[in-house]
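The values are calculated or read from the model by the stated rules, or taken from the named source; none is laboratory data. The structure presented is a predicted model; accordingly, all values stated were derived computationally and were not measured. As a convention, Cβ positions derive from the backbone with ideal geometry for all residues, glycine included, and neighbour counts pool all protein chains shown. Please note that ligands, DNA and RNA were not included when accessible areas were found on the heavy atoms of the full protein model with its side chains. Shrake-Rupley method; radii C 1.70, N 1.55, O 1.52, S 1.80 Å.
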Amino acid sequence: MFSKVTCILQHAMEALTPSLALREDFVYHWKAITQYYIETSDAKAPVTNTNIPSHLEQMMDILVQEENELESGETGPCMEYLLHHKILEMLYTLGKDDCPPGMKQQVLVFYTKLLGRIQQPLLPHTNVHKPVQKLIGLCGEVLATPTENEEVQFLCIVCAKLKEDPYLINFFLGNQLKSLASKGTSNVISEDALKGQDSLSADSGQSYQPEALSGVNGVQHTDSMDEPSHWLDDLCTSLGDLDITSLLEASIVCSKQDYNLVNSLLNLARSPDGRIAVKACEGLMLLVSLPEPPVAKCFTQSICLSELLTDRLTSLYKALPRSVDPLDIETMEAINWGLDSYSHKEDALAFPGKRDLISFLSWFDYCDQLIKEAQKTTAVFLAKAVHERFFTGVLEPQLMQTSEMDILTSTALLHRIVRQVTSADLLQEIVVFILGDQREPETLAEIGRHPLRQRLIEHCDHISDEISITTLRMFEHLLQKPNENILYNLVLKNLEERNYTEYKPSCSEDRDVAENGLLTGAVHLEGDWLFTDISPDNTLSNQEWLRSSARASLDHSQNDGKPEVHKIVNSFLCLVPDEAKSSYRVEGCGYDTYLRDAYRQFQDSCAICLRWEWPGSPKALEKCNLEGAFFEGHFLKVLLDRMGRLLDQPYNVNLQVTSVLSRLSLFPHPHIHEYLLDPYVNLASGCRSLFSVIIRVVGDLMVRIQCVENFVPKLLLVRKRLLGLEPKGPVIDHITLLEGVIVLEEFCKELATIAFVKYHTSFTQ
């Protein structure tokens, strides 16, 4: 029995021996550091000329080794020694004095390695988070210092730890210690910091002692290294008697008293060194994503972060040359913040101002991603700040200019911003900025209630084709964004009551017209040459959705025995007279490409609208207010006006106008479908729809083609040139008319395809 007890004790001693040996080494290296301050007489020698960096590195290696040898969650004697003797507090004091020169850098490196390499949670310890908080206050005080890199690395490792355990942020809120500790208190702290440590006696006449050691003159060499100092414990006791909640509130409300971590990162984010600034921005992004309510309160009651975002956006925007080509802005490759690597040599080979444009778009991308990652309250606050300080304060005056160059550049940048934004909160502010927040139906007399909205829509019909195209493209991309207010503001609020329709019970005569198509020559879908690709034997036979769409259209019939989709499709296809059609004469102008694109785009539109809870059928006419005067809204008015001038407008303008109308037609809202894609809607007196506008264009076309000699050969030649099948040659007369006819034919085919795809999807889901 006695031998068993002896064996157990022996094994226990063997297990403790390595830890005890590590502790002795750890204490030795710490004593060597403190001994330096007692014995040194050269206060200006850099720290790299001493053994301090080596001793700190050895201490770190010992701590890591100790943790690796212990079971998970245990605290070894070396770590206990570091915590018990407030070594981090004393290192902070030495780093603050930067004695010897370069000591601050060594302290920052030690703190960073300690938090990064030690796996057990350290920040909850009072003797860790308090000195860490103080050291944070030393970071970013002066820009372009030799310690900037170490400062930002330290701050980012703190942010990473807070991201792992968000509740720890409460340790770093406010500067409550600063308001409590007067200069006298801090002096007492500094003087007593190293009291009780052994090996600190020296001749006061020959030794240099920083503030931390100024109170140990004449202290004899003692072996009191294991005795803790208690000045911080006394301070904690005094803090315990205070109302911590009120302290937090006071620190948040006071200007410039955000928690030090934010202030330091904000300062470093302004560093002239781009790498430092990017690293600081990463730290800020980690902080704003913390879910703790006090964090959101800190950010929303301080303007420091919002000022950083908006002021830099403003300065970068103002640095852009006025003469930047809108095409260069549009075709610029995707920009991601932090990957802004670009040389002046490349800039010389590219367009002027590319460097400035990349910087602006890169910073906007950071603002967008920061708001996207931020906690909801913070995100809304920052997005509103960008709206007020940049969009309204800087960009709007440029958009309202009368100078065509200023309008073009600012609209192209707005278009790029719309394309690039991904944050829901920032997108909402962009929508309010561009369109306003009015939800009442428009009237012709009140289209100017939101001046910027009115001006931008008017620019869609500007005398400058370039401005018109750029603005139309901006609206087209805006329509693709996942925000319900966009489509409601531009279109839906004016179609809500369906007062573009005239309530008229159906009769047998109407049914006959519907059966035979609106125009003579309408045929069954399966018999029309334009729809031969829908046959199961065509090149798309491997597409399951196309086969099922053909079956669905044949199976789902009305009482008259004819599929509804055939009537709609034929109505659009028969609008353009045969003598004005040219696509069937050119190979590769078939229907399959339209079907593929329409199906994909319709699925994208459905994905955007999935959570908007749109009705599946139009609002019952009995519940609609059909007495009110109908106004399609400023946006649709401009689009339909331009559509009515299709035969007199440049080719590129026509392409953009029809592209926006196609985009609108793809949305799965019954009122949009009825107004833009239903040829049989009973229009009220004085009202127009997309179909009725196209009919007027066709009527004009029928008159004008009689005046063009060799109309068909010229039309075919123009189509081949547009497709690149024929080289450019002599200018053809009536070129605008001929190009307009080609766009009209293709647009009717596209609308027919969209109607077919929407029908197919509704019966296969």
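Couple of notes before you dig in:
- Residue check for residue 610: free of Cβ contacts under 8 Å to residues at least 12 places away in the same chain and either among the basic types (Lys, Arg) or on the phi < 0 side of the Ramachandran plot (or both): yes
- Scope the stretch 381-399; condition among the β-branched types (Val, Ile, Thr) and within 23 Å of residue 278 (Cα to Cα); matching residues: 386
- Of all the listed residues (685, 659, 617, 665), the sole one being open to solvent by 10 Å² or more (accessible area, probe 1.4 Å), within 33 Å of the chain's Cα centre (by Cα), over 18 Å from residue 576 (Cα atoms) and touching a residue at least 40 places away in the same chain (Cβ under 8 Å) is 659.
- Residue satisfying all of: in the stretch 27-61; over 26 Å from residue 118 (Cβ atoms) and among the β-branched types (Val, Ile, Thr); modelled with the highest pLDDT among these: 38
- Selection from the stretch 627-643 of residues that are farther than 21 Å from residue 755 by Cβ and either free of Cβ contacts under 8 Å to residues at least 60 places away in the same chain or among the basic types (Lys, Arg) (or both): 637, 642
- The residues listed here are 458, 497, 509; of these, the one that is open to solvent by 40 Å² or more (accessible area, probe 1.4 Å), modelled with pLDDT under 95 and not in a loop (DSSP other than H, G, I, E, B) is 509.
- Just one of (1) buried (at least 17 other Cβ atoms within 10 Å of the Cβ); (2) under 22 Å from residue 657 (Cβ atoms) fails for residue 593. It is (1).
- Yes/no for residue 297 being farther than 25 Å from residue 353 by Cα and open to solvent by 40 Å² or more (accessible area, probe 1.4 Å): yes
For (1) modelled with pLDDT under 50; (2) open to solvent by 40 Å² or more (accessible area, probe 1.4 Å), each residue gets a yes or a no:
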{"residue": "132", "(1), (2)": "no, no"}
{"residue": "159", "(1), (2)": "no, no"}
{"residue": "175", "(1), (2)": "yes, no"}
{"residue": "182", "(1), (2)": "yes, yes"}
{"residue": "202", "(1), (2)": "yes, no"}
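- Options 430, 463, 407, 417: the member that is open to solvent by less than 40 Å² (accessible area, probe 1.4 Å) and closer than 25 Å to residue 645 by Cβ: 407
- Test for residue 720: is it part of a helix (DSSP H, G or I), out of contact with any Gly (no Cβ under 8 Å at 6 or more places or on another chain) and either surrounded by fewer than 22 Cβ atoms within 10 Å (Cβ to Cβ) or at pLDDT 90 or above (or both): yes
- Residue ID - nearest to the chain's Cα centre (by Cα), chosen from residues in the stretch 316-338 that are farther than 19 Å from residue 391 by Cα, in a loop (DSSP other than H, G, I, E, B) and charged (D, E, K, R): 333
- Residue check, residue 80 more than 15 Å from residue 109 (Cβ to Cβ), surrounded by 21 or more Cβ atoms within 10 Å (Cβ to Cβ) and modelled with pLDDT of 90 or more: no
Table: residues versus (1) in contact with a Lys or Arg (Cβ under 8 Å, 6 or more places away or on another chain); (2) at pLDDT 90 or above; (3) within 23 Å of residue 675 (Cβ to Cβ); (4) among the β-branched types (Val, Ile, Thr).
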{"residue": "552", "(1), (2), (3), (4)": "no, no, no, no"}
{"residue": "583", "(1), (2), (3), (4)": "yes, no, no, no"}
{"residue": "587", "(1), (2), (3), (4)": "no, no, no, no"}
{"residue": "619", "(1), (2), (3), (4)": "yes, yes, yes, no"}
{"residue": "623", "(1), (2), (3), (4)": "no, no, yes, no"}
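- Yes/no for residue 164 being open to solvent by 60 Å² or more (accessible area, probe 1.4 Å), of a type in the set (Asp, Glu) and at pLDDT 90 or above: yes
For (1) modelled with pLDDT of 95 or more; (2) among the β-branched types (Val, Ile, Thr), each residue gets a yes or a no:
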{"position": "336", "(1), (2)": "no, no"}
{"position": "344", "(1), (2)": "no, no"}
{"position": "347", "(1), (2)": "no, no"}
{"position": "354", "(1), (2)": "no, no"}
{"position": "415", "(1), (2)": "yes, no"}
{"position": "422", "(1), (2)": "yes, yes"}
{"position": "445", "(1), (2)": "no, no"}
